[in-house]
Amino acid sequence: QVRLVESGGGLVQAGGSLRLSCAASKLTFSSYVMGWFRQAPGKELEFVAVISRNADIKYYPDSVKGRFTISRDNAKSTVYLQMDSLKPEDTAVYSCAAAWTTTIQTTLRAYNYWGQGTQVTVSS
């Protein structure tokens, strides 16, 4: 069965950086648009970043634009999220997701597979 496994979360001070990874298995990785979402305590799941199948298109919401960078390595079936200049409000569980589509997607319902998530905590 398809598996998406995130890693790289942890505790970091405000202004610091973390790099999240999401390794996919049992998936034709290069055929999927990949996205990152996050959920803070008491809040809804929020779109963070998306990358097209061949990495030529990337999109971010204003809340993370200029601080977060999504990338992918299709040979390794892995998508990354580089997070710089972290803020306490970035604290959340971060999950990757895969969408069987040809266009980038920012809505939850577009994604077919989800990882379990990794905790990111930013202290002030």
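If Arg53 satisfies every condition in (1) touching a helix residue (DSSP H, G or I) at 6+ places or on another chain (Cβ under 7 Å); (2) outside any loop (DSSP other than H, G, I, E, B) but one, which is the exception?
The single condition Arg53 does not satisfy is (2).
Just checking, how many residues over the range 85-102 are open to solvent by 50 Å² or more (accessible area, probe 1.4 Å) and either modelled with pLDDT under 95 or among the acidic types (Asp, Glu) (or both)?
The number of residues fulfilling the criteria is 2.
Six or more apart or on different chains, Cβ atoms under 7 Å: show the pairs whose first residue is in the range 25-38 and farther than 13 Å from Arg3 by Cβ and whose second is of a type in the set (Asp, Glu).
As it stands, the answer is Phe37/Glu46; Arg38/Glu46, since those pairs meet every condition given.
Against the condition in a loop (DSSP other than H, G, I, E, B), open to solvent by 40 Å² or more (accessible area, probe 1.4 Å) and farther than 15 Å from Gln119 by Cα, how does Ala75 come out, does it pass?
yes
Out of everything in the range 1-46 that is in contact with a Gly (Cβ under 7 Å, 6 or more places away or on another chain) and of a type outside the set (Asp, Glu), what residue ends up being most open to solvent (accessible area, probe 1.4 Å)? Outline the logic, then answer.
From the range 1-46, those in contact with a Gly (Cβ under 7 Å, 6 or more places away or on another chain) are 4-6, 18-22; that's our starting set.
This time we only want the ones that are of a type outside the set (Asp, Glu), so: 4-5, 18-22.
Details: Leu4: 14, Val5: 64, Leu18: 30, Arg19: 129, Leu20: 0, Ser21: 28, Cys22: 0 Å².
This residue is Arg19.
The values are calculated or read from the model by the stated rules, or taken from the named source; none is laboratory data. Here the structure is a predicted model, which means the values were calculated and not measured. Counting neighbours? That spans all protein chains shown, and the Cβs are built from the backbone with ideal geometry, glycine included. Side chains included, ligands, DNA and RNA excluded: accessible areas come from the protein's heavy atoms. Shrake-Rupley method; radii C 1.70, N 1.55, O 1.52, S 1.80 Å.
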